[in-house]
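To keep things clear, I will list the structure first and then write my remarks on it.
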Amino acid sequence: HPLVERSLMRFEKQYAHFKSPRKLVWKGGLGSVTLDLEIGGQTISDVVCTPAQATVIMHFGDQERWTLSALAAKMGLAAPALRKRVAHWVARGY
């Protein structure tokens, strides 16, 4: 998601400034993200997911409905890979 990319780039620039000549190498598939989701007027706090799953749900903050092919193209993923990430949210009832 563009918001995540901008945040990572900003952090990377600050890191390079203070830790020169070291550079960061991001491992996008590792780690976890804690989100607060607003769905239907309710706030669901402390939802833990992978960065990839967080990116999927963030796109639904930009646009309420997506086709699988449109969201896959936007994210640069194959449809089966995206389907797996979307299934996480569907299984949780979001």
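Key figures for this structure:
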read-out: Residue ranges of helices (runs of 4 or more DSSP H) in the range 35-94 with at least 1 members farther than 20 Å from VAL4 by Cα, open to solvent by 60 Å² or more (accessible area, probe 1.4 Å) and of a type in the set (A, V, I, L, M, F, W, C); value: 79-91
read-out: Residue match in the range 10-33 (condition: assigned to a helix (DSSP H, G or I), open to solvent by 80 Å² or more (accessible area, probe 1.4 Å) and touching a residue at least 40 places away in the same chain (Cβ under 8 Å)); value: no
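The values are calculated or read from the model by the stated rules, or taken from the named source; none is laboratory data. Everything quoted here is computed from the prediction, not taken from an experiment. We place every Cβ from the backbone using ideal geometry, glycine too, and count neighbours over all the protein chains shown. Side chains included, ligands, DNA and RNA excluded: accessible areas come from the protein's heavy atoms. Shrake-Rupley method; radii C 1.70, N 1.55, O 1.52, S 1.80 Å.
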